[in-house]
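This report concerns only the one structure given below.
The values are calculated or read from the model by the stated rules, or taken from the named source; none is laboratory data. Remember, it's a predicted structure, so these values are computed and weren't measured experimentally. We place every Cβ from the backbone using ideal geometry, glycine too, and count neighbours over all the protein chains shown. We work out accessible area using only protein heavy atoms, side chains counted, and drop any ligands, DNA or RNA first. Shrake-Rupley method; radii C 1.70, N 1.55, O 1.52, S 1.80 Å.
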Amino acid sequence: MPQDAGKTGQTTADLASRRCAPCRGNVQPLPAAEIEALAAQLRDWAIMTGHHLQKRYRFADFRSALGFVNQVGEIAEAEGHHPDIALGWGRVDITLWTHAADGLTENDFILAARIDQL
């Protein structure tokens with residue numbers, strides 16, 4: 001089994017190959033067991049208070065970090081799922097959660113995996 005395979009046997013690449021589902025109201029956050037199973041398929045994303053995902057990416061300079069932010073923005077627009085992004089010199093912090101659910105949904109894990117492929 002690949003190193004990035006989670007408890008479900010899926011990998012980050014499997015998760016990244018999926019598309020975010022449109023939120024159509026009455027969205028429920030995932031239960032803790034599902035969050036853990038999906039998180040096991042990601043690399044270095046922290047689950048914060050069971051409510052959101054967070055990761056810091058490091059870069060050699062501001063220009064590289066900005067280029068990454070622009071790539072993340074393109075993916076976010078294509079998926080209709082938008083992270084909070086903090087840009088600084090040599091770093092980008094990304095925070096994901098589904099506002100309509102006030103917590104984590106499968107979309108957050110799909111977007112995290114797609115961002116990791118950049």
Legend entry - Efficiency of FRET from Cβ geometry, A33 and D102, R₀ 25 Å, rounded to 0.05: 0.85
Inset, instruction - Under 12 Å from a label point 7 Å along Cα→Cβ of D44: give me every residue in the stretch 66-92 with its amide N that close. - result: 91-92
Legend entry - Mean projection area, nm², convex hull over Cα of the chain: 7.1 nm²
Legend entry - Max mean-square fluctuation residue, GNM over the chain, Cα-Cα springs under 10 Å, options D108, D14, D84: D84
Legend entry - Rounded to the nearest 20 debye, dipole of the chain from Cβ charges on Lys, Arg, Asp, Glu: 180 debye
Inset, instruction - For G103, list long-range residues whose amide hydrogen, built 1.01 Å from N in the peptide plane, is under 5 Å from its own amide hydrogen. - result: T98
Inset, instruction - Might you tell me the accessible area per residue for the stretch 4-118, computed with a 1.4 Å probe and given in Å²? - result: 54 Å²
Legend entry - Portion, in percent, of the accessible area of the chain that falls on carbon or sulfur, probe 1.4 Å: 50 percent
Inset, instruction - Please compute the net charge surrounding A65, taking Lys and Arg as +1 and Asp and Glu as -1 over other residues with Cβ under 9 Å from its Cβ. - result: +2
Legend entry - Residue of T95, T49, T105 that the Gaussian network model of the chain assigns the largest fluctuation, springs spanning Cα pairs under 10 Å: T49
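I need the semi-axes of the equivalent ellipsoid of the stretch 66-118: take the C-alpha gyration tensor, multiply each eigenvalue by 5, square-root it, list largest first in whole angstrom.
Equivalent ellipsoid of the stretch 66-118: 19, 12, 9 Å, largest first.
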